[in-house]
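Data block below; observations after.
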């Protein structure tokens with residue numbers, strides 16, 4: 001069967017880059033401002049906050065408590081300005097993509113496609129997830145709850161659909177963008193300082209939660225982003241490579257580093273820790289890669305490319321670049337043989 005890799009999904013979104021460069025949210029002086037996006041055809045809204053460009057030190061210092069070996073060496077990184085979701089993507093947002101009819105299903109059911117706009121047709125052409133095997137929320141509910149149990153591929157396809165739907169370029173954050181936004185100008189273990197005893201004010205983790213919580217209920221970081229520490233770990237664009245930081249220079253900033261997605265299923269980066277993690281996993285520099293064990297309960301062989309049956313701790317948030325970085329524009333679409341379409 002034919003399978004579309006992550007790179008193709010991203011490349012399709014990049015085709016909308018011209019629309020992503022300008023916005024009524026960007027002033028004539030070049031200042032980017034917060035805005036609220038309404039998903040066309042719905043009353044579902046989400047907020048996007050401006051993240052200023054700048055240079056920061058990525059990774060953790062050698063003396064940081066509970067530091068992981070994959071968090072160093074520290075290295076300077078330059079980030080271009082972008083918008084980031086104020087909160088993690090919720091089921092209200094994701095359901096409009098996952099459980100609505102796509103173009104093929106509409107055609108089979110006799111929907112008059114001639115009445116659709118070109119934008120609607122392009123959005124409906126994005127492949128939808130197959131039905132989950134059980135309640136994908138694990139009984140945690142949908143109202144205001146962050147999306148969980150979806151694969152990196154599913155998150156990528158959502159951003160592709162949202163880009164087509166809105167005419168703006170939305171995607172997952174790179175790992176560098178994510179840490180830069182999480183730190184929000186700070187250099188401490190957490191965005192409020194080094195003291196994990198304050199975590200209960202800012203995040204949901206194993207000491208104060210038994211499941212993911214509604215988004216936006218804890219204090220935000222200095223740039224107004226909620227739940228960057230805990231609640232659900234968040235997918236980043238990058239492949240996870242434990243020793244990746246050793247490949248970057250330490251004497252000069254690297255411009256927008258990213259380990260681009262491809263046809264490989266594992267591992268991809270999740271950041272921020274979750275409701276099921278200890279405090280050290282919620283530090284700004286903490287890294288984690290996805291694992292096949294996230295789908296142990298999946299009865300299908302091969303396993304689903306859409307759903308991680310055991311990843312009740314993994315979700316995502318989105319970004320929108322003011323102007324896409326060159327490495328993204330150079331992606332080439334590829335189609336490879338896959339193991340299945342579920």
- [ ] Residue by residue through segment 230-267, note down the ones that are farther than 29 Å from residue 200 by Cβ and within 14 Å of the chain's Cα centre (by Cα).
- [x] 237, 238, 239, 258, 260, 261
- [ ] Give me a count of the residues in segment 35-94 that are under 27 Å from residue 248 (Cβ atoms) and assigned to a loop (DSSP other than H, G, I, E, B).
- [x] 17
Task: Condition check for residue 7: within 21 Å of the chain's Cα centre (by Cα) and either at pLDDT below 95 or more than 28 Å from residue 191 (Cβ to Cβ) (or both) - done: yes
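Is one or more of the residues making up segment 162-172 closer than 13 Å to residue 315 by Cβ, in contact with a helix residue (DSSP H, G or I) (Cβ under 7 Å, 6 or more places away or on another chain) and crowded, with 23+ Cβ neighbours inside 10 Å?
So in segment 162-172, the residues closer than 13 Å to residue 315 by Cβ come out as 172.
Now restrict to residues that are in contact with a helix residue (DSSP H, G or I) (Cβ under 7 Å, 6 or more places away or on another chain): 172.
Subset that is crowded, with 23+ Cβ neighbours inside 10 Å: 172.
Checked segment 162-172: at least one residue is closer than 13 Å to residue 315 by Cβ, in contact with a helix residue (DSSP H, G or I) (Cβ under 7 Å, 6 or more places away or on another chain) and crowded, with 23+ Cβ neighbours inside 10 Å.
Tell me yes or no: at least one residue of segment 302-312 is closer than 19 Å to residue 140 by Cβ and under 14 Å from the mean Cα position of the chain (by Cα).
Applying the first criterion (closer than 19 Å to residue 140 by Cβ) to segment 302-312 yields 306-312.
Filter once more, so that each one left must be under 14 Å from the mean Cα position of the chain (by Cα): none.
Checked segment 302-312: no residue is closer than 19 Å to residue 140 by Cβ and under 14 Å from the mean Cα position of the chain (by Cα).
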- [ ] Could you tell me which residue of segment 106-133 is farthest from residue 308 (Cα to Cα), considering only residues that are modelled with pLDDT under 70 and in a loop (DSSP other than H, G, I, E, B)?
- [x] 112
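Filter segment 173-197 down to residues that are out of contact with any strand residue (DSSP E or B) (no Cβ under 9 Å at 6 or more places or on another chain) and part of a loop (DSSP other than H, G, I, E, B) and give me whichever is surrounded by the fewest Cβ atoms within 10 Å (Cβ to Cβ).
Within segment 173-197, the first condition is being out of contact with any strand residue (DSSP E or B) (no Cβ under 9 Å at 6 or more places or on another chain), and the residues that meet it are 188-195, 197.
From the residues that got through so far, the ones that are part of a loop (DSSP other than H, G, I, E, B) too are 188-189, 191-192, 194-195.
Numbers: 188: 14, 189: 23, 191: 23, 192: 18, 194: 13, 195: 11.
Across segment 173-197, the extreme among qualifying residues is 195.
Please work out which residue is surrounded by the most Cβ atoms within 10 Å (Cβ to Cβ), limiting yourself to segment 134-148 and to residues that are in a loop (DSSP other than H, G, I, E, B) and touching a strand residue (DSSP E or B) at 6+ places or on another chain (Cβ under 7 Å).
So the first thing to find is which residues in segment 134-148 are in a loop (DSSP other than H, G, I, E, B), and the list is 134-145, 147-148.
With touching a strand residue (DSSP E or B) at 6+ places or on another chain (Cβ under 7 Å) added as a condition, the list becomes 136, 144-145, 147-148.
On the way: 136: 22, 144: 14, 145: 21, 147: 28, 148: 26.
For segment 134-148, the residue satisfying everything is 147.
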Open item on the list: Cβ-Cβ under 8 Å, sequence separation 6+ or interchain: first residue in segment 87-98 and on the phi > 0 side of the Ramachandran plot, partner part of a helix (DSSP H, G or I). Which pairs?
Closed with: none
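Looking at segment 49-68, which of the residues that are free of Cβ contacts under 8 Å to residues at least 24 places away in the same chain and surrounded by fewer than 14 Cβ atoms within 10 Å (Cβ to Cβ) is nearest to residue 247 (Cα to Cα)?
Filtering segment 49-68 down to residues free of Cβ contacts under 8 Å to residues at least 24 places away in the same chain leaves 61-63.
Filter once more, so that each one left must be surrounded by fewer than 14 Cβ atoms within 10 Å (Cβ to Cβ): 62-63.
Numbers: 62: 17, 63: 21 Å.
That would be 62.
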TODO: Output the number of residues of segment 195-229 satisfying the condition of being under 22 Å from residue 59 (Cα atoms), free of Cβ contacts under 8 Å to residues at least 40 places away in the same chain and more than 22 Å from the chain's Cα centre (by Cα).
DONE: 3
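Does segment 18-34 hold any residues that are assigned to a loop (DSSP other than H, G, I, E, B) and either modelled with pLDDT under 55 or surrounded by 15 or more Cβ atoms within 10 Å (Cβ to Cβ) (or both), and which are they? Full working, then the answer.
Going residue by residue through segment 18-34, those that are assigned to a loop (DSSP other than H, G, I, E, B) are 22-25, 27-31, 33-34.
Selection gives 22, 23, 24, 25, 27, 28, 29.
The values are calculated or read from the model by the stated rules, or taken from the named source; none is laboratory data. Here the structure is a predicted model, which is why all the values come from computation and not from measurement. Every residue, glycine as well, gets a Cβ built from its backbone with ideal geometry; the counts of neighbours run over all protein chains shown.
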